[in-house]
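**Student:** I'd like to ask you about the structure that follows.
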Amino acid sequence: MASPTQTDSLEALYGTLATQSFDAGWNKVTPSLYPEPKKNYLPAHWRYRDGRAALERAGHLVDTELAERRNLIMFNPREGNRYSTSPTLVAAYQMLLPGEHARSHRHTPNALRLIVEGDAGSYTAVDGKRITMLPGDVVLTPSWSWHGHGNAGNIPAYWIDYLDVPLVHALEPMFFEPHPDEFEASAVPVESSPFRIPWTWTEAELQRAKAESSGRFGREVTLDTPSLRTMRLHMDAHAAGTKPAPHRTTATNIYSVVSGKGNTTIDGTTFDWERGDVFVAPSWRPHQHRIEADAVLFRVTDEPLMEMLGMLREEA
Ligand code: GTQ
Ligand code: FE2
């Protein structure tokens, strides 16, 4: 062992380190490594009734000609956070009135949406193709694809956005570009698209599906989304009166209620939910549903990301 000089001291050493962007790893009050996840993100729930009412008010107050998007961010109520829903993902409600547009742009974050209300006049233009958005449809706008929204229908369109913006913020490769034509007016309507999973398809698949073997997800359909590298999407049909097996995973699970009624206990907190609601079970938060009326839950996860890292763990 090196012998300290007569005049040196730990205090003096720490003084030097502080000016050199070094910190003594041996002296950390809070360890950087610990045996189990700290679980900073909280279980949380957002009511569609509240989000819808707020967006209706915003419809009179916020002009989509000025705002990039008329959206309501569902931020996780953890200390100091006003944006992300989980460490990797953010969810938001968005609304367009009949006759309105949300101009086209592209960004490195991946995005998708689940349609809650609207008629066949509402659409997303993705890379020059117009995709119809009907309730229950899922519309993908993968990283760097051009996308804008329009409502040429007769009723307001409401949907839920999911983006991996918090991941991109953490890693920093954020790029954003407005579309040169603003509204991509030349976009042509298409019947089918790899970026649209119509509810008619999902519903038929769910009817065919058998109960998934873990007992957690009811009759489950995993959506075919090879264009999304960070997220995996599932539709889970649960029968009234059932109590699916509890679930704990290192992945984020954002649940959105396509139909039905029930409640979910997430790490000790119980949330009553109904159609259009969103709730989040962040990493390593055990959670269990109780299904009151036949329900379909849309489950957005960051499983591919956790798998790629070799860190997807699920409780056996
Ligand atoms: O629809 O393009 O909620 O770019 C947040 C950012 C929606 C969108 C959001 C976005 C969008
Ligand atoms: Fe966008």
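The values are calculated or read from the model by the stated rules, or taken from the named source; none is laboratory data. These numbers come from a predicted model, not from an experiment. Please note: Cβ atoms are built from the backbone with ideal geometry, for glycine as well, and neighbour counts cover all protein chains shown. Calculation scope for accessible area: heavy atoms of the full protein, side chains included, ligands and nucleic acids excluded. Shrake-Rupley method; radii C 1.70, N 1.55, O 1.52, S 1.80 Å.
**Student:** When the chain is treated as a GNM, springs tying every alpha-carbon pair under 10 Å, which of T132, T230, T16 comes out with the largest mean-square fluctuation?
**Tutor:** Maximum among the listed residues: T16.
**Student:** Could you identify which residue out of H101, H45, H60 has the top mean-square fluctuation in a GNM of the chain using Cα springs shorter than 10 Å?
**Tutor:** Comparing H101, H45, H60 in the GNM, the peak value goes to H60.
**Student:** Another question, then. Would you work out the charge dipole size for the range 165-231 about its Cα centre, treating the Cβ of every Lys and Arg as +1 and the Cβ of every Asp and Glu as -1, and quote it to the nearest 20 debye? Don't jump to the answer; show the numbers that get you there.
**Tutor:** Working: 6 positive and 11 negative charges, 114 e Å.
Computed about the Cα centre, the dipole is about 540 debye.
**Student:** What share of Cα pairs, in percent, lie more than 38 angstrom apart in the chain?
**Tutor:** On the way: 10687 of 49770 pairs.
It works out to 21 percent of all Cα pairs.
**Student:** Sort the range 109-187 into rounded, prolate or oblate with this rule: let a ≥ b ≥ c be the square roots of the eigenvalues of the Cα gyration tensor; rounded if a/c is under 1.5, and if a/c is not under 1.5, prolate when a/b is larger than b/c, oblate otherwise. Kindly include the intermediate steps, with their values, before the conclusion.
**Tutor:** On the way: a/c = 2.68, a/b = 1.45, b/c = 1.85.
It comes out oblate by the Cα gyration axes.
**Student:** Heavy atoms only, probe 1.4 Å: what % of the accessible area of the chain goes to carbon and sulfur, would you let me know? Numbers along the way, then the final one.
**Tutor:** On the way: 8710 of 16060 Å².
The nonpolar share, carbon plus sulfur, comes to 54 percent.
**Student:** Assuming 0.36 nm per residue, please report the length gained on full extension of the stretch S192 to T269 beyond their Cα-Cα distance. Write out the running numbers ahead of the final one.
**Tutor:** Numbers: separation 77, 0.36 × 77 = 27.72 nm, distance 4.11 nm.
In short, 23.6 nm is gained.
**Student:** Rounded to the nearest 500 deg cm²/dmol, what is the calculated helix-only ellipticity per residue at 222 nm for the chain, with -39500 (n - 2.57) per DSSP H run of length n ≥ 4?
**Tutor:** Numbers: 5 runs with 47 residues, N = 316.
One gets -4500 deg cm²/dmol as the mean residue ellipticity at 222 nm.
**Student:** Report the antiparallel proportion of the DSSP beta bridges in the chain as a percent, rounded to a multiple of 5. All intermediate terms of the calculation are to be shown ahead of the outcome.
**Tutor:** Values: 77 of 79 bridges.
Bridges in the chain that DSSP calls antiparallel: roughly 95 percent.
**Student:** Using only alpha carbon pairs under 8 Å that are at least six residues apart, calculate the relative contact order of the range 170-315 and give it in whole percent. Working shown, then result.
**Tutor:** Details: 287 pairs, mean separation 35.4, N = 146.
Rounded, it is 24 percent for the range 170-315.
**Student:** Over the chain, what relative contact order in percent results from Cα pairs under 8 Å that are six or more residues apart?
**Tutor:** 16 percent
**Student:** Can you compute the FRET efficiency between A240 and E36 using 1/(1 + (r/R0)^6), with r the Cβ-Cβ distance and R0 = 45 Å? Round to the nearest 0.05. All intermediate terms of the calculation are to be shown ahead of the outcome.
**Tutor:** Details: r = 35 Å, r/R0 = 0.79.
After rounding to 0.05, the efficiency reads 0.80.
**Student:** I'd like to check one number: the per residue accessible area of the chain, probe 1.4 Å, reported in Å² as a whole number. Intermediate values should be presented prior to the final figure.
**Tutor:** Numbers: 16060 Å² over 316 residues.
Dividing the accessible area of the chain by its residue count gives 51 Å².
**Student:** Which distance in Å, rounded to a whole number, links the C-alpha centroids of the range 216-263 and the range 269-298?
**Tutor:** Comparing the Cα centres of the range 216-263 and the range 269-298, I get a distance of 9 Å.
**Student:** Give, rounded to the nearest 20 debye, the magnitude of the charge dipole that the range 1-153 has about its Cα centre when Lys and Arg contribute +1 at Cβ and Asp and Glu contribute -1 at Cβ.
**Tutor:** Numbers: 16 positive and 15 negative charges, 72 e Å.
Value, rounded to 20: 340 debye.
**Student:** If one computes P(r) from the Cα atoms of the range 170-316, what percent of pairs lie at distances over 18 Å? Present the calculation step by step, with values, prior to reporting the outcome.
**Tutor:** Details: 6750 of 10731 pairs.
That fraction is 63 percent.
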